[in-house]
1. Quick check: is even one residue across region 152-168 in a loop (DSSP other than H, G, I, E, B) and touching a helix residue (DSSP H, G or I) at 6+ places or on another chain (Cβ under 9 Å)?
2. When residues of region 63-90 are filtered for being open to solvent by 50 Å² or more (accessible area, probe 1.4 Å) and not acidic (Asp, Glu), how many remain?
3. Which is more than 12 Å from ligand 1 (Cβ to nearest atom), surrounded by 16 or more Cβ atoms within 10 Å (Cβ to Cβ) and modelled with pLDDT of 95 or more, of Phe116, Phe9?
4. Of (1) farther than 30 Å from Phe63 by Cβ; (2) at pLDDT below 95; (3) surrounded by 13 or more Cβ atoms within 10 Å (Cβ to Cβ), Gly259 satisfies all except one. Which?
5. Leu180 passes all but one of (1) in a helix (DSSP H, G or I); (2) open to solvent by less than 40 Å² (accessible area, probe 1.4 Å); which number fails?
6. Out of curiosity, is Met60 open to solvent by less than 30 Å² (accessible area, probe 1.4 Å), under 27 Å from Leu150 (Cβ atoms) and within 9 Å of ligand 1 (Cβ to nearest atom)?
7. Would you check if Ser187 is under 30 Å from Gln327 (Cα atoms), assigned to a helix (DSSP H, G or I) and of a type in the set (Ser, Thr, Tyr)?
8. Just to be sure I understand the filter: pairs with C-beta atoms under 6 Å, separated by 6 or more residues or on different chains, first member in region 314-337 and under 20 Å from Gln20 (Cβ atoms), second member in a loop (DSSP other than H, G, I, E, B). Which pairs pass?
Amino acid sequence: MRIDSLQLFQFRNYKDVTIQFNPEIIVLHGTNGAGKTNILESIYVGTIGKSHRTNDTSDMLMFNAEEAGIVVKFEKKDTPQKVNIKLFRQGPKDIRLNDTKISQKELIGTLNTVIFCPEDLQLIKGTPSGRRRFLDMEISQTSATYYHQLMQYNRLLQQRNAILKEYRGKQNIPLEEWDLQLADMASFIVKKRLESLKKINLLIDLMNRKLTGGLENLTIGYEQPYMDNGSLEYTKEGFYERIKAALPQDRHRMTTSVGPHRDDLRFFSDAMDLKKFGSQGQQRTAVLSLKLSELEFIKSEVGEYPVLLLDDVLSELDESRRANLLQFIHKRIQTFITTTDIHDFKDLKSVQFISCEGGKVQYGQP
Ligand SMILES: Nc1ncnc2c1ncn2[C@@H]1O[C@H](COP(=O)(O)OP(=O)(O)OP(=O)(O)O)[C@@H](O)[C@H]1O
Ligand SMILES: [Mg+2]
């Protein structure tokens, strides 16, 4: 997978630019606030139809503009493709693949990218929702059906919670139909997550051994807080029984307490829980291994490596981890790197330098 060019129109601080990229490493440099992350963000929008840093589409429109445009031209298995996205302050997005209108759901999985930003370093310590989002987005990029089911599940969940509120304090809530459907989708989602996690676990351990010289055994566990003794629930019938059993509690709290929206991932180095006991450095290495395994996972599912977007993250890694990462991507993975300091990249070969400043870009080093 490689991106050939990007055209931005009224996107953040870019009024109208077209940028051509080389197939290997692209270093986007410039001062703070220059617009480096904006470029990665626009590529990410081309991947899943929304931003990695805002849920509000209008944030991405240039101040005072009514619409914005992103055109990404890329090659997937050597076939040229074009994703064209128009964002509006009011009204839905217009997404086109090779000039044919498609839905956001159909877009996902077309252009594959992996983004790694400083916030990801918090993945292990951070909230369960961050870890779920990570896993869901990784699987969605390789399975449109998964994304579709996930969206439907979330919609159903919202409706169920609304019913719980509506029938507050009343008996006989008509939930049977919802719960059967919810159980069916919960089962699909959890099965797919477990199946993917099995593959990711093989890959992450491999990557971690490369990074640490084979000292520790890194694994990711799947957890359901509504199950005891570390057992897992993944059948439709099992979910239905659990959802039913939790109804008194759900009525009281007016929210749904059983299902994949509550599940979590836990990282272990050998038997040690990294969230609780891991050092900062161990957590960083684990996240880096996770990102590298994400590249391999997508490759194994899609048949080629995704494009890698590294937002400011190299400066957060120490010398040896950085060298390991660069060695891994070398000549394999088209990689976009943002930095305020090009010093670290001066010696790298096959690098394209692009400077960003005030909504303009220039090729070359300053
Ligand atoms: N909707 C918008 N319209 C116009 N300009 C915007 C909009 N949103 C953000 N900006 C501008 O974009 C700039 C931020 O861009 P970006 O986050 O890409 O910076 P950066 O180069 O990654 O900086 P850093 O090195 O600090 O991470 C800011 O100057 C901000 O004013
Ligand atoms: Mg930035």
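The values are calculated or read from the model by the stated rules, or taken from the named source; none is laboratory data. Everything numeric here is computed off the predicted structure, so don't read it as measured data. Positions of Cβ are backbone-derived with ideal geometry, glycine not excepted, and every protein chain shown enters the neighbour counts. Just so you know, the surface numbers come from the protein's heavy atoms only, side chains and all, with ligands and any DNA or RNA stripped out. Shrake-Rupley method; radii C 1.70, N 1.55, O 1.52, S 1.80 Å.
1. Here is the first cut: in region 152-168, the residues in a loop (DSSP other than H, G, I, E, B) are 167-168.
Restricting the remaining residues to those that are touching a helix residue (DSSP H, G or I) at 6+ places or on another chain (Cβ under 9 Å) gives 167-168.
Within region 152-168, one or more residues are in a loop (DSSP other than H, G, I, E, B) and touching a helix residue (DSSP H, G or I) at 6+ places or on another chain (Cβ under 9 Å).
2. Kept after step one, since they are open to solvent by 50 Å² or more (accessible area, probe 1.4 Å), are these residues of region 63-90: 63-64, 66-67, 73, 77-80, 82, 86, 88-90.
Keeping just the survivors that are not acidic (Asp, Glu) gives 63-64, 73, 77, 79-80, 82, 86, 88-90.
Adding up the residues that qualify gives 11.
3. Values: Phe116 fails: modelled with pLDDT of 95 or more.
Exactly one of Phe116, Phe9 is more than 12 Å from ligand 1 (Cβ to nearest atom), surrounded by 16 or more Cβ atoms within 10 Å (Cβ to Cβ) and modelled with pLDDT of 95 or more, namely Phe9.
4. Every condition holds for Gly259 apart from (2).
5. (2)
6. On the way: open to solvent by less than 30 Å² (accessible area, probe 1.4 Å): yes; under 27 Å from Leu150 (Cβ atoms): yes; within 9 Å of ligand 1 (Cβ to nearest atom): yes.
So Met60 fits the description; yes.
7. Details: under 30 Å from Gln327 (Cα atoms): no; assigned to a helix (DSSP H, G or I): yes; of a type in the set (Ser, Thr, Tyr): yes.
The answer is no for Ser187.
8. Partner pairs satisfying both residue conditions: Ile333/Tyr305; Gln334/Pro23.
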